[in-house]
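As structure tokens, the structure follows; a few thoughts come after it.
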Amino acid sequence: MMKLILLGLPGAGKGTQAKMIAGRLALVHVSTGDMFREAAAEGTALGKRAQQFMSRGELVPDEVTIEMLLERIARPDAQAGFMLDGFPRTLAQAQALDAALARRGAAIDAVLYIQVPEAELLGRLAGRLGCPQCGAIYHLQNRPPRRAGRCDECGSELTKRADDRAETVAERLRVNREQTEALVGYYAPAGKLHRVDGTGEPAQVTGRLLLVPDALSAEVQKA
Ligand code: AP5
């Protein structure tokens, strides 16, 4: 029944880690970035609106994002727990999430803040490749696919994200840096924030992240 948030600047490894951790803990992985990209690929009104902001490296307005996320976590598959990746990104989003969970007598258990030096983030985003079909994430140097340009999982052609261009990345980092600091200030006093070193092999980072839910489970069992 765990409700976790993965916090981190663009390229910190939220998507990579969420796929590994959500599977291990049997949590639904909810990525607002993936939801917006899927809506854009389908050409829905929401997708077209979100695309305008994403292509500039800006945040999609709160009212759109909050409604979409709250609707997603109200679905039956999310009742047994979820891992949020890319949400919340603003204080208004964090407060709306807390209020919606409180109405069901629930709360966020932990916020895992993946920290990576910005110079490394730039290299990660410049070399990222993704599978538009199954969502697998690769990197030209750090995690190359077995066959160049093809997904290991489903064989589809890998693509670069439009917002990984250098000029858009600079704006994404600027916007997210400010917002992330505000979120740290919101969750730390509540004792929910856990800072995790996001450097090193992805499996090492997974091990560090899992220490937090493991400790929370141990506390619950002891009580
Ligand atoms: P979103 O899709 O959430 O993008 P992001 O936060 O910018 O994060 P990324 O997906 O770029 O990075 P990541 O941390 O997931 O890293 P990854 O695992 O891919 O959002 C995109 C846009 O949507 C936003 O800009 C905004 O416009 C909009 N949006 C989304 N949510 C919103 C919200 N709540 N409110 C408003 N707007 C919203 O890894 C990156 C690369 O590094 C990969 O190549 C990977 O292979 C590699 N890598 C991962 N881990 C390691 C490691 N340990 N060592 C070396 N390489 C690694």
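Taking all Cα pairs closer than 8 Å and separated by 6 or more residues, the relative contact order of the range 106-223 comes to 33 percent.
For Arg150 and Ala166 in one chain, what is 0.36 nm times their gap in residues minus the Cα-Cα distance, to one decimal in nm?
Result: 3.4 nm gained on full extension.
Calculated on C-alpha atoms, the gyration radius of the range 1-124 divided by its Kirkwood radius gives an Rg/Rh of 0.96. Calculation over all alpha carbon pairs of the chain in 10 angstrom steps from 0 returns a P(r) of 7, 33, 40, 17, 3, 0 percent.
A compact globular protein would have a Cα radius of gyration near 2.2 N^0.38 Å; the ratio found for the range 109-173 is 1.24. Full extension of the chain between Glu67 and Arg104 gives 11.7 nm of extra length, using 0.36 nm per residue less the Cα-Cα distance. For every other residue with a beta carbon closer than 12 angstrom to the beta carbon of Arg104, add +1 if it is Lys or Arg and -1 if Asp or Glu, then tell me the sum. Net charge around Arg104: +1. In this rough spin-label picture, where each label sits 7 Å from Cα along the Cβ direction, the Asp77-Glu178 distance is 3.6 nm. Note on Arg75, Arg49: ascending count of other Cβ atoms within 10 Å places them as Arg75, Arg49, the fewest first. Of all DSSP beta bridges confined to the chain, the antiparallel ones make up roughly 25%.
Tell me, which longest segment in the chain has none of the GluC sites (Glu not before Pro) that fall in DSSP loops with at most 15 further Cβ atoms within 10 Å? Free of exposed loop sites, the longest segment is 59-152. Extension gain, Ser217-Arg56: 0.36 nm per intervening residue step, less the Cα-Cα distance, totals 53.9 nm. Each part reduced to its alpha carbon centroid, the range 100-130 and the range 171-201 end up 8 Å apart. Distance from the alpha carbon centroid of the range 11-82 to that of the range 135-165 works out to 20 angstrom. Taking amide hydrogens as placed 1.01 Å from N in the peptide plane, the amide H of Arg150 sits under 5 Å from those of Leu158, each at least 5 positions away in sequence or on another chain.
Amide H contacts of Leu7 (H built 1.01 Å from N, in plane; Pro and chain starts excluded): Leu112, Tyr113, Ile114 sit under 5 Å, all sequence-distant by 5 or more or on other chains.
FYI, it's all coordinate maths here, none of it is from the lab. A quick note: this is a predicted structure, and the numbers were derived from the prediction, not measured. Please note: Cβ atoms are built from the backbone with ideal geometry, for glycine as well, and neighbour counts cover all protein chains shown.
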